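No lab work stands behind these numbers, since they all come straight from the coordinates. Computed from a predicted model, the values in this text were never measured in an experiment.
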Amino acid sequence: MQHNEMEKTLAVERYLLGDMTTAEVAQFEEHMFICPECAEAVKTGVVFVENARAVLREPLSQPGREATTKTVQWKPTPWWKRLLAPAFLPALAALALVCLAGYQQLVVIRGLRTQLAEATAPQPLASFALHAVSRSAPQSIVVPATARFFSLYFDVAQESASGYSCSILDGTGSVKFTEHLLPAKPETGGVLTLLIGRSGLPEGNYTLVVSNSPPQATEIGRYPFKIEYQ
């Protein structure tokens, strides 16, 4: 509602006299919150009405005694209470959604884009050859600090048409994970490759156990190794 409409409809006077419906009161108070002229007019009107009531309640002046008037101070409603009025709740909800969308756009989505760019950026792949179990100490694999992934490649002593089941055991014999590999292609010379994420295995001693895929599922090789990260 515009200020000139308020003047034409005598909104200030009707508000002071209580001659408004609930919807009109809410609409006028919403306008008064952003209109200093109407707010000042209401303030002046409240003071005038209260002073008039005080004068009417005073007894008649006695001879030799000056008449006194009582001034009532108008206390405006705190701004935060005005924001909680029903008329402002939809605007507050919309503002909250805008802030949430801005946070997701500037912080969450930007962070995800950075992580995706880092994960898909070209990088050298550290590869290590594993040797079958022997009486010597497990071979040491030193993974560079910049490598997020590394690969282990190894030969199998027995071919399997159904592929291979590769399990990595930690130093206590617990299975860290199991992966199925397809049969080695002739052009690779019978070599199998296993890609491992840096975060998947902490530093320590491990054993790669290779078996035929079910239903045979017989062990055909063990490859002990030790991981060290630079």
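Of note:
- Interchain or long-range residues, amide H under 5 Å from Val143's placed H: Glu228, Tyr229, Gln230
- Other-chain or far-sequence residues with amide H under 5 Å of Gly163's (modelled H): Ser213
- Only Cα pairs under 8 Å and 6+ residues apart enter the sum, and on that basis the relative contact order of segment 146-197 stands at 48 percent.
- Amide H within-cut-off set for Phe128, under 5 Å, with H built and near neighbours excluded: Ser151, Leu152, Tyr153
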